[in-house]
Amino acid sequence: MVKYRFKFTKEGDAKYVSQLDLVRLFTRVFKRAEIALTYSQGFNPHPKMSIGLPLGIGVTSECEFLDAELEEKNDPMEILKKLNASAPIGIRFTAMQEICEFSPKVKDAESAIYTVKTEGVLPTQSEIDEFLKSGEINVLKKTKSGEKMTDISPDIFEIEKMGENELFMRLRCAPNINLKPETVVLAMNEFIENADITDFDVHRTRILDRLGRDFS
Amino acid sequence: MSLNKILKRVQKPARYIGNEYGSVHKNLEDISVRFAFCFPDTYEVGMSHLGMKILYHLLNNEKDVYCERVFAPWVDMEEEMRKEGLELFSLETKTPLKEFDMVGFTLQYEMSYSNILNMLDLANITKIATERGENEPFVCAGGPCAYNPEPIADFVDFFILGEGEEVNLEVIDAYRKWKGSGKTRKEFLESLLLIEGIYVPQFYDAVYNEDGTIKAFTKNNEKAPDKIKKRIIKDMDSIFYPEEIIVPFMEIVHDRITLELFRGCIRGCRFCQAGMIYRPVRGRSPERLLDLAEKLIKNTGYEEISMSSLSTSDYPELKKLTDGLLDLTEKKKISLSLPSLRLDSFSMELMQKVQKVRKSGLTFAPEAGTQRLRDVINKGITEEDLMTASTTAFAGGYGGVKLYFMIGLPTETLEDVEGINDLARKVVDCYYNTDKAVRNRNLKVTVSTSTFVPKPFTPFQWASQDNIPTVREKQAFLKEKIRHKNISYNWHDAETSILEGVFARGDRKLSKVLLKAQEKGVRFDGWQEYFNYDLWMEAFNEAGVDPDFYNLRERSYDEILPWDHIDVGVTKKFLENENEKAKRGEVTPNCREKCSNCGIIKGFGGGLCG
């Protein structure tokens, strides 16, 4: 038995596949690829696998990760080849490595990097900087018990304008707090006078732990 | 693209994206016939349907044919589409429906008819077949409800009756010949008349008596056949069955591999339309099924495989098949499921085999509460069968048992309804009589009653249906009787069954009602939260059609029924005899015990009825 961390992408319409559906999807991809996963014991055995950190529906990514326990060790190139031949359009495995004691742990995840592309109007960099320095940024966030005003400013690490219609964002992405780029965009539209960021697409490029290490 | 914007705003966007593993992609330049396979319900429901899986892959096996899928968009999606002016499109290439050569609907239940009209509306395809332009697609329909095609006859260019594996390819072939020939729509439809199983409603006229019954049903095109005979597949082993199927991104209703063991049913329950229209019984060999199972497991990665048929435990070589399947599935952690077990052939061995991998709940369908009524409907099982089966189940550790019954069966009295409660309580007793050491710690008996709806081509096709107050009275009576901590009671709402009954035995006059109802916004009638009875009644009123005419009267044997021009193989005389036997409470043996001359062998050649 050996534990691997797989890096995968979620592109095109596959961005509409929910995280919950992904677990079932991967079980079937491994079955089709005839790569044996380890199963839990008991009445309803489940494959031992877990998907890294949440990603909103509608967001594409090139840095998702999946931890899975395989029955046996094999040539990574061979495994990746088989998995990709069995994966649906939009899901692609790009790397894998054995999990060891030095591998970043999900509980140490800290931030994620996104690019946001819009057909709308972006504010200038100085307007963005002012917005970030203005202190509390209170937005209405959905919680289990309803809606609650939350200050999201501690969860924004960086926002930078990259050309006319693209933003770079580094936001908190940890097991307990995950700030969605959509939430930030809506706050920018609300608090920055010249911002009209409409019809935007979000793409996740990296997930980092507290030491700034990539997860995969 | 505006679709991307819309998808971010709707629930479950994965319903509309296509591109699932196993979906078919083709280069449009190589295609001469584009077929849109439409399921008039949600993606999750439609994708669970075996017929669609078969026909999708069958058609796509043809090099120059591209079959794509279309489902009814959920109400939130429909609202967004109408707002953005986006027409109904196919999943594979997102092509508007009206650009297809053929648009085919599958008719699985009457309550989906309003969705068909709504889908045509969303696609901007002319609803009335005879008013469609030369450049519009041909709209066709098939499936079990096509055996009484009349309520939707005005909207459909042609119906395909019976099993589709052969006839669909013949239709495609006729289309290839017609396309580009410069001939008219009507000429294409006439060319279809040479194909057995094709019904073109516009070549027939119905004339009515003053009381609304049919005076005459005659053809207006001499090339049209007097009777349209359904198609069947004779050799189940050699006929096409998909070896790879689409594996959806999202969870669907029946999210598993379906192995179709056989078609038809030997039982002859008198209420059951499937048991009559799918005759004769024809099975696949265990060898063929095991080969298919192996390939489907490999190609889909599914974790469950289901042995499907009308009465799976009647499969003659069930032991051989389950043993073989378990060899394939056990080590791969794949579970095996049996959808419908008959009480009388229920065996400990089979149940234990299946539960080796996963234990799910058990469902039994006694259908009626007393032996008298079970004899009337020819459900050849006894109370003893149910007790034996329940005892076996409880001894095997099952804690949940579901019992299915019908309310409103012909000749039913309150005594029969009370019998449902008696049976449920006896099942509970079985549990408490089972050794504590082996029985499950919890017991839950669920009683469900549906409302009986008389269907065409059954011995009860002449019967009157219970009206709403009667159904409610019986439900309330049963609810009152069943007061037990271990028993829960579910029932179907009475209004839905009324509408189902109207369309099941309806005629062409109902097309006006459907048009009105769709304009008023009815859709998803099969979904409780969207079924709007009052809106339907308004539509009936405005169209000047009385729903009670279809439901609340007993028809005489000499009345011309709207589906009399359709030949399903079972003769009207046989159905009449069965109805008379029902009145006398006489049972008919199953087809393996003794042939009762239903007519199917005569009409469809000997050597059948496996």
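The values are calculated or read from the model by the stated rules, or taken from the named source; none is laboratory data. Please read these numbers as outputs of a predicted model, since none were measured by experiment. Here the Cβ is made from the backbone with ideal geometry for all residues, glycine too, and neighbour counts use every protein chain on show.
Structural remarks
- Residue in the range B:562-578 that is exposed (fewer than 14 other Cβ atoms within 10 Å of the Cβ) and touching a helix residue (DSSP H, G or I) at 6+ places or on another chain (Cβ under 6 Å) present: no
- Sole residue being within 29 Å of B:G380 (Cα to Cα), assigned to a helix (DSSP H, G or I) and of a type outside the set (D, E, K, R), chosen from B:N597, B:N577, B:N541: B:N577
- Filtered residue count, the range A:8-38, keeping only those that are hydrophobic (A, V, I, L, M, F, W, C), over 19 Å from A:P76 (Cβ atoms) and within 9 Å of another protein chain (Cβ to nearest Cβ): 5
- Condition met for B:V471 (more than 23 Å from B:L414 (Cβ to Cβ) and either at pLDDT below 95 or buried (at least 20 other Cβ atoms within 10 Å of the Cβ) (or both)): no
- Checked against (1) in contact with a strand residue (DSSP E or B) (Cβ under 9 Å, 6 or more places away or on another chain); (2) free of Cβ contacts under 8 Å to residues at least 60 places away in the same chain; (3) within 14 Å of chain A (Cβ to nearest Cβ), B:L7 passes all but a single condition, namely (1).
- Condition check for B:E500: without any contact (Cβ under 8 Å) to a residue 60 or more places away in the chain, assigned to a helix (DSSP H, G or I) and on the phi < 0 side of the Ramachandran plot: no
- Selection status of A:L186, of a type in the set (A, V, I, L, M), free of Cβ contacts under 8 Å to residues at least 60 places away in the same chain and either in a loop (DSSP other than H, G, I, E, B) or within 21 Å of A:T118 (Cα to Cα) (or both): yes
This table checks each residue for (1) surrounded by 15 or more Cβ atoms within 10 Å (Cβ to Cβ); (2) outside any strand (DSSP E or B).
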residue: B:K402; (1), (2): yes, no
residue: B:T434; (1), (2): yes, yes
residue: B:Q461; (1), (2): yes, yes
residue: B:N490; (1), (2): no, no
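- Some residue of the range A:93-103 being within 28 Å of A:M162 (Cβ to Cβ), surrounded by fewer than 14 Cβ atoms within 10 Å (Cβ to Cβ) and modelled with pLDDT under 95: no
- Every residue from the range B:504-538 that is more than 16 Å from B:A153 (Cα to Cα) and either part of a loop (DSSP other than H, G, I, E, B) or touching a Pro at 6+ places or on another chain (Cβ under 6 Å) (or both): B:G521, B:V522, B:R523, B:F524, B:D525, B:G526, B:W527, B:Q528, B:E529, B:Y530, B:F531, B:N532
- Residue within the range A:21-31 that is surrounded by fewer than 16 Cβ atoms within 10 Å (Cβ to Cβ) and either polar (S, T, N, Q) or modelled with pLDDT of 95 or more (or both) present: no
- Considered as a group, the residues in the range A:48-100 that are in a strand (DSSP E or B) and among the β-branched types (V, I, T) include one that is farthest from the other protein chains (Cβ to nearest Cβ), and that residue is A:T94.
- Hey, A:Y4 touching a residue at least 40 places away in the same chain (Cβ under 8 Å) and more than 14 Å from chain B (Cβ to nearest Cβ) or not: yes
- Qualifying residue in the range B:237-246 (condition: outside any strand (DSSP E or B), surrounded by 18 or more Cβ atoms within 10 Å (Cβ to Cβ) and within 14 Å of chain A (Cβ to nearest Cβ)): yes
- Subset of the range A:107-123 (residues that are in contact with a Phe, Trp or Tyr (Cβ under 8 Å, 6 or more places away or on another chain) and either in a strand (DSSP E or B) or more than 30 Å from A:I192 (Cβ to Cβ) (or both)): A:A109, A:S111, A:I113, A:Y114, A:T115, A:V116, A:K117, A:T118
- B:K573 within 26 Å of the chain's Cα centre (by Cα) and closer than 20 Å to B:K455 by Cα: yes
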